[in-house]
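Working notes, beginning with the structure itself.
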Amino acid sequence: MQPWIQFYTTIGTVAAALLGLLFVVVAANASTVLGPEATVLRRLTEQAFQNYLAVMLVAFLALFPGISPAAFGTLTLGITAIWSGWVVIRFVQALIVQVRRRSWIHSLWRHISSLIGFGLMLASASRMALNWGDSFDMFAAATLVLLFSATAVSWELLKSMAGHQR
């Protein structure tokens, strides 16, 4: 675990800072983002928040003093399994809404990185929970994918918000 402390400290800090910025933007534009006509904006906001929180969760658990790889894997597996279920539900809901609008390919591209990130997280957590070895490198890849995904979704949210304010 020792070699990964700086990485998880950095990625947790970055995720927390970006989550804070996203929270400020959403709070300042709450009526636009969370209003009754803002289904797509709400989904974008939710996806970005969820990905940033997942990165923070992994970072915080990885930095927990004295946590064994098996305990880290087990805790993360339980939480991520539940979280991943919601990711899949949100993905299916978005596809259903987007199919009606004929832009399902765009929705697929927006969600694919989140699905990959959570898939990597589930795989690495399973390996560690079953004592099949240290998978901190795979966790690192999962957190990077989720961090980049959340940032891309946040950018899309900002662009969409600008379009709504015109």
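Readers should treat all values here as calculations from the given coordinates under stated rules, not as data from a laboratory. The structure displayed is predicted, hence computed values, not measured ones.
Taking Cα atoms only, the orientation of helix 136-164 departs from the longest principal axis of the chain by about 10 degrees.
Across the chain, the mean sequence separation of Cα contacts (distance under 8 Å, 6 or more residues apart), normalised by length, yields a relative contact order of 32 percent.
Evaluated at q = 0.17 Å⁻¹, the base-10 log of the normalised Debye intensity for the chain, with identical point scatterers placed on the Cα atoms, takes the values -0.98.
Relative to the longest principal axis of the Cα atoms of the chain, the long axis of helix 104-129 lies at roughly 20 degrees.
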